[in-house]
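Below: the structure, in structure tokens.
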Amino acid sequence: MQRLVALLAGLLFGAGLALSGMLNPMKVQNFLDLFGAWDPTLLVVMAAGLAVTFIGYRFVLSGARPLYAESFALPPTQPIDARLIVGALLFGIGWGLTGFCPGPAVASLVFGLWPSVLFVLAMMAGMLAVHVLTRRGGEAAPGMADG
């Protein structure tokens with residue numbers, strides 16, 4: 001049942017991205033083009049996502065435990081460090097240059113377009129590179145959080 005719920009949640013997320021037009025990387029690039037073909041759609045999608053998340057967290061966390069786990073597994077609060085800043089910068093630069101972020105890129109694979117495939121392959125290579133570079137003898141490299 002847990003996998004079915006995860007599948008349905010993923011399909012709902014992908015459908016929302018498709019319905020809002022977020023699978024089109026030009027939506028993101030036009031959002032960033034403040035003095036040209038500015039498109040506020042991304043702002044509306046982000047605001048809607050924040051509203052749903054705000055309400056959803058309040059609802060879910062009011063229960064004693066999640067439906068499919070023994071306890072909540074919330075991420076720990078971490079201080080802002082160099083790794084977070086560099087990661088955010090790389091994410092933002094990549095998002096601005098390509099118009100893709102991971103969710104829409106993976107969802108857009110259903111269209112089989114080469115930019116989507118190329119982005120996802122590059123994303124996977126980057127994830128592998130970070131994994132390899134942050135592991136030294138089974139431990140995280142100095143200054144790098146385990147992850």
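The values are calculated or read from the model by the stated rules, or taken from the named source; none is laboratory data. Fair warning: this is a prediction, and the values are worked out from it, not measured in the lab. Glycine gets a Cβ as well: all are built from the backbone with ideal geometry, and neighbour counts include every protein chain shown. For accessibility, only protein heavy atoms count, side chains too; no ligands or nucleic acids. Shrake-Rupley method; radii C 1.70, N 1.55, O 1.52, S 1.80 Å.
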### Residue ranges of helices (runs of 4 or more DSSP H) in region 42-143 with at least 1 members open to solvent by less than 70 Å² (accessible area, probe 1.4 Å), at pLDDT 90 or above and farther than 18 Å from ASN24 by Cα
82-98, 114-134
### Task
Report yes if some residue within region 17-25 is closer than 25 Å to VAL130 by Cβ, exposed (fewer than 10 other Cβ atoms within 10 Å of the Cβ), touching a residue at least 24 places away in the same chain (Cβ under 8 Å) and not aromatic (Phe, Trp, Tyr); otherwise report no.
no
### Query
Has region 77-85 got at least one residue that is touching a residue at least 24 places away in the same chain (Cβ under 8 Å) and either farther than 28 Å from THR134 by Cβ or touching a Cys at 6+ places or on another chain (Cβ under 8 Å) (or both)?
no
